[in-house]
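Take a look at the structure set out below.
Every read-out reported here was derived from the displayed coordinates using simple, explicitly stated rules and does not represent laboratory data. The model shown is predicted, which means the values in this text are computed figures rather than measured ones. Every residue, glycine among them, receives a Cβ derived from its backbone with ideal geometry; neighbour counts consider all protein chains shown.
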Amino acid sequence: MNLTQIAWRNIGRNRRRSVLSVTATAVATMSVVMLFSLLSGIADDMASNLTRFYTGEVRIRNEEFSTYEYLQPLHLSVDNAEATVAAVEGTDGVAAAVPRISGGGAVFQDDRRIALLFTGVDFEREREFSNIDEIIAGGEIPVASAEPAGPSGPSDTSGPRLVPAVVGAGVLDRLGIGLGDRFTLVTRTAMRGSNAMSFEVAGVARFPVPALNDAGFWAPLPDVQRLVRMDGEAGEVLARMDRGADERAVTEALALSAREATSTPLEVKYWKEIETTYSFIEMAQVIYSIMGLIFFILAGTVIINTTMMAIYERKKEIGTLEAMGMTPREVVRLFFTESLFLAILGAGAGLVVGVIFASILSRTGIDFTEAFRGVDMEISPVLYPKITPLSTVVVTAASIAVGAITSLFPTTRITRIQPVEALRDE
Amino acid sequence: MKRTATGIIGVVIFAWTALPVAAADLTAEEIVERLESNQVQETNHATATMVVRDRFGERTSTMESWSKGRDVTLIEFTSPAERGQKVLRTENEIYLFYPDAAELIRLQGAALRESMLGSDISYEDMTGGKTLLETYRVELLGEETIHGHRCYKVGFEARRRNAAYPRQTVWIDTELFVARRSEQYALSGRLLKEIEMDRIETIGGYTIARRMIISDALKRNSSTEFTLDDVQFDIQVDDDLFSLEELSW
């Protein structure tokens with residue numbers, strides 16, 4: 001009988017203690033598998049929301065805009081917007097590009113000032129870029145009109161046209177209006193004056209980001225250009241890359257082609273270089289990795305306890321084995337193999353249960369709507385865990401490694417036991 | 001000083017008119033009454049230029065205004081960026097008309113704290129209605145010389161919590177009864193705005209300050225300069241001009 005067989009048989013000698021060790025490792029592994037699956041789901045969700053609704057995969061804007069962003073400096077724009085978008089679209093490795101103008105404004109109702117976020121968009125391009133059809137919950141996506149929103153001149157008594165808009169469902173609740181109703185937004189212009197425009201709710205959107213859902217609306221770019229006095233300009237141009245494209249090479253190529261199309265000094269950034277809450281998720285992954293390690297060490301302490309108890313209980317047996325010619329190194333290997341089996345059994349069970357739970361939740365989602373109320377992050381309120389190699393293979397391997405390694409500390413005690421002394425043990 | 005800021009173009013363009021009087025041993029109330037009696041004309045019509053300076057540079061807006069009595073003022077912006085935009089101040093309310101909007105915007109409550117055209121003037125500064133002495137308790141704090149002119153230094157303390165500024169200090173020319181400087185404070189004592197008035201001239205029998213520079217103490221590198229380009233007093237102004245129907249015309 002070799003050492004592996006002896007080790008496997010020994011696990012069954014004190015079933016209760018072995019079950020305890022396996023359960024501790026399984027619970028730790030299952031928890032970390034689910035935690036990491038959830039984190040992967042959050043990171044994916046945030047990446048999708050950021051690149052669809054905020055930054056694109058590459059963001060092109062006036063190089064000074066970010067410095068003064070808190071002042072809504074719309075005059076720091078990208079001129080020749082259409083040509084810039086066309087140049088970006090024509091760059092190798094670019095799948096889609098959109099121009100946008102975003103800013104804040106207010107709707108005044110009685111004595112209430114209701115702050116809203118407007119975005120001027122090219123709806124046709126957005127269908128491909130941000131898959132806006134997916135979030136339309138009612139009404140329709142407007143088509144940009146060639147006519148200006150306001151009267152054409154002093155002799156025009158027809159009054160301003162209502163501008164169709166896709167409005168966040170939460171905005172409608174806040175304004176107390178519905179599909180087909182109108183609202184008037186007052187905002188600052190690129191000339192740092194003010195202007196107002198009336199919008200008609202043509203479509204209702206369920207933006208996945210609470211901040212957008214509760215405050216955001218999208219309107220045709222030409223109308224928003226008129227509202228904020230940015231004729232022919234964009235606040236930013238966003239690009240999405242072909243799948244598998246070299247992000248650095250495409251970003252550099254984009255910068256070159258965009259700079260040829262506009263005279264604006266540009267800032268061209270890959271989305272992960274932009275300071276967003278995504279960096280917090282990356283940081284959280286590091287923190288949770290450390291927490292996961294602590295979980296495993298805690299589970300490992302149960303294995304240590306099991307091994308220690310086994311060593312004390314089987315001291316006489318150790319003495320006999322050594323008297324029969326087994327070297328201390330082989331005895332250590334025997335106990336280490338026992339611990340390894342316990343860790344493998346526990347991590348394996350934890351992995352299976354964790355993956356089953358994570359799979360179920362990845363379909364049903366976990367609703368954090370109440371928990372996220374008032375939280376200004378680009379995370380959807382319903383999150384779907386995602387099973388990844390990190391959350392399964394790496395976590396299981398780490399669980400086995402920690403469980404097995406921690407057992408080395410008590411097993412090294414065996415080498416200090418003399419056979420004669422061990423045989424005398426009662 | 002709020003009432004001080006409701007002269008010729010609403011509160012936007014100040015007009016401090018004055019008649020020379022013997023001013024010895026006047027109480028604070030009498031000084032303010034004289035200041036106020038000189039601010040309000042039967043009617044007036046003016047054109048003005050507003051230059052807003054901030055960290056991004058300066059921009060200029062021009063406007064035309066009509067006022068009737070103490071509380072009714074209409075301002076129409078004439079500069080290209082805001083052409084056709086109008087502000088109507090009635091006794092208790094402010095209405096905004098924008099050519100690109102399908103409805104009038106009525107400002108009240110907290111909305112009155114919005115900045116007008118990104119300037120250092122809020123719509124709250126334009127609200128009218130009550131006289132200075134109805135709104136504030138006043139106290140004569142002494143006399144000081146401002147830009148070579150002897151002035152009464154008068155402290156104003158709001159009688160009601162909803163006053164635009166809880167406390168103000170105004171320096172009023174001892175001979176012309178026109179304000180030359182004012183400072184507005186929060187309830188905590190923090191300085192909110194400073195206003196300097198100069199280019200004081202007599203036009204049509206009234207003495208007015210043709211230029212005012214407002215600095216918002218809460219903003220860095222920010223000031224608003226109003227210059228009164230042309231002004232006419234006691235002219236025929238049609239009441240319909242101040243109606244809501246006329247505003248959206």
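Worth pointing out:
- Local charge for B:Arg113 was computed over the other residues whose Cβ lies under 9 Å away, with Lys and Arg +1 and Asp and Glu -1, and equals -1.
- Relative contact order (%) - criterion: Cα under 8 Å, at least six apart; region: chain A: 29
- Residue among A:Thr23, A:Thr320, A:Thr364 with the largest mean-square fluctuation in a Gaussian network model of chain A, springs linking Cα atoms under 10 Å: A:Thr320
- Shape category assigned to the range B:191-249 from the gyration tensor of Cα positions, a/c cut at 1.5: oblate
- Fewest-first sequence of A:Leu212, A:Leu254, B:Leu244 by Cβ atoms within 10 Å of each Cβ: B:Leu244, A:Leu212, A:Leu254
- Long-range tail of P(r) for the protein assembly as shown (Cα pairs > 31 Å, %): 66
- Taking every alpha-carbon pair under 8 Å whose residues sit at least 6 apart, chain B reaches a relative contact order of 24 percent.
- Estimated [θ] at 222 nm from DSSP helical runs (n ≥ 4, -39500 (n - 2.57)) normalised by residues in the protein assembly as shown, nearest 500: -10500 deg cm²/dmol
- Dimensions of the range A:1-130 along the principal axes, based on C-alpha atoms and rounded to the nearest Å, stand at 81, 51, 29, largest first.
- Quotient of Cα Rg and 2.2 N^0.38 Å for chain B, N being how many residues it contains: 0.96
- Put a plus charge on the Cβ of each Lys and Arg, a minus charge on the Cβ of each Asp and Glu, and nothing anywhere else: the dipole of the range B:3-247 about its Cα centre is then about 980 debye.
- Put simply, the amide H of B:Val178, placed in the peptide plane, has neighbours under 5 Å in B:Asp173, leaving out anything fewer than 5 places away on its chain.
- Backbone HN-Hα couplings from phi across the range A:39-49 [Karplus 6.51/-1.76/1.60, Hz, Gly and Pro as x]: 4, 5, x, 4, 4, 5, 4, 5, 4, 5, 5
- The local environment of A:Val107, defined by Cβ-Cβ distances under 15 Å, has a net charge of -3 under the rule Lys, Arg +1 and Asp, Glu -1.
- Coil-residue trypsin sites (Lys or Arg not before Pro) of the range A:178-249, DSSP, other Cβ within 10 Å capped at 10: A:Arg243
- Simple Cβ-charge dipole of chain A, Lys/Arg +1 and Asp/Glu -1, about Cα centre, in debye nearest 20: 2500
- 3J(HN,Hα) along the range A:86-102: 4, 5, 5, 4, x, 7, 4, x, 9, 8, 7, 8, 9, x, 9, 10, 10 Hz, from the Karplus curve 6.51 cos²θ - 1.76 cosθ + 1.60 with θ = phi - 60°, whole Hz, x for Gly and Pro.
- Per-residue average of Cβ from other chains inside 10 Å of A:107-114: 5
- Among A:Asp133, A:Asp122, A:Asp214, residue whose mean-square fluctuation peaks in a GNM of chain A (springs only between Cα atoms under 10 Å): A:Asp133
- Unit charges at the beta carbon, dipole of chain A: most positive-side option, A:Ser257, A:Thr189, A:Pro160: A:Ser257
- Counted by Cβ distance under 14 Å from A:Ala404, the other residues give a net charge of 0, where Lys and Arg count +1 and Asp and Glu count -1.
- Antiparallel DSSP beta bridges within the range A:56-274, percent to nearest 5: 80
- Couplings for the range B:215-232, taken from phi via the Karplus curve 6.51 cos²θ - 1.76 cosθ + 1.60 with θ = phi - 60°, read 10, 8, 5, 8, 10, 8, 6, 9, 7, 10, 10, 10, 10, 8, 7, 8, 8, 10 Hz in order; Gly and Pro are left as x.
- Of the residues B:Leu104, A:Met283, B:Ser182, the one whose Cα sits farthest toward the positive end of the charge dipole of the protein assembly as shown, with +1 on the Cβ of Lys and Arg and -1 on the Cβ of Asp and Glu, is A:Met283.
- Inter-chain Cβ neighbour average for residues A:191-204, partner chain, 10 Å: 5
- Span from the the range A:318-369 Cα centroid across to the the range A:378-393 one, whole angstrom: 25
- Estimated translational D of the range A:56-274 in µm²/s (Stokes, Kirkwood radius over Cα pairs; 20 °C; 1.002 mPa s): 120
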